[in-house]
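S.K.: The structure under discussion is supplied below as structure tokens; questions concerning it will follow.
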């Protein structure tokens, strides 16, 4: 399957850091080793922050394509 920015992945147990396992990641870049992307964290009803992460293919499972990508793409 050809993945592209905007695809959503879930971090699996092979990642090894318990706090990340199960999190959904929006891919911002597709790399040969895996993806770069972010997890959205709701801080208030009006704000969110993003935790950026790099993941290997074996650490993630493809979920689908995001229907909505916030205007702030998390790359700043």
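Derivation of every value follows stated rules applied to the coordinates shown; laboratory data play no part. Just so it is clear, the structure is predicted and the values come from calculations on it, not from any experiment. Backbone-built Cβ (ideal geometry, glycine too); neighbour counts: all protein chains shown.
S.K.: By count of other Cβ within 10 Å, fewest leading, how are 60, 53 ordered?
M.R.: Ordered from fewest to most neighbouring Cβ atoms within 10 Å, 60, 53 come out as 53, 60.
S.K.: Moving to a separate point now. Output the relative contact order of the chain, whole-number percent, from Cα pairs under 8 angstrom with separation of 6+ residues.
M.R.: Result for the chain is 33 percent.
S.K.: Next question, about the same structure. Quick one: length gained pulling residue 1 to residue 24 fully straight, 0.36 nm per residue minus the C-alpha distance?
M.R.: Computed gain between residue 1 and residue 24 is 6.4 nm.
S.K.: Antiparallel versus total DSSP beta bridges in the chain: what percent is that, nearest 5?
M.R.: 100 percent
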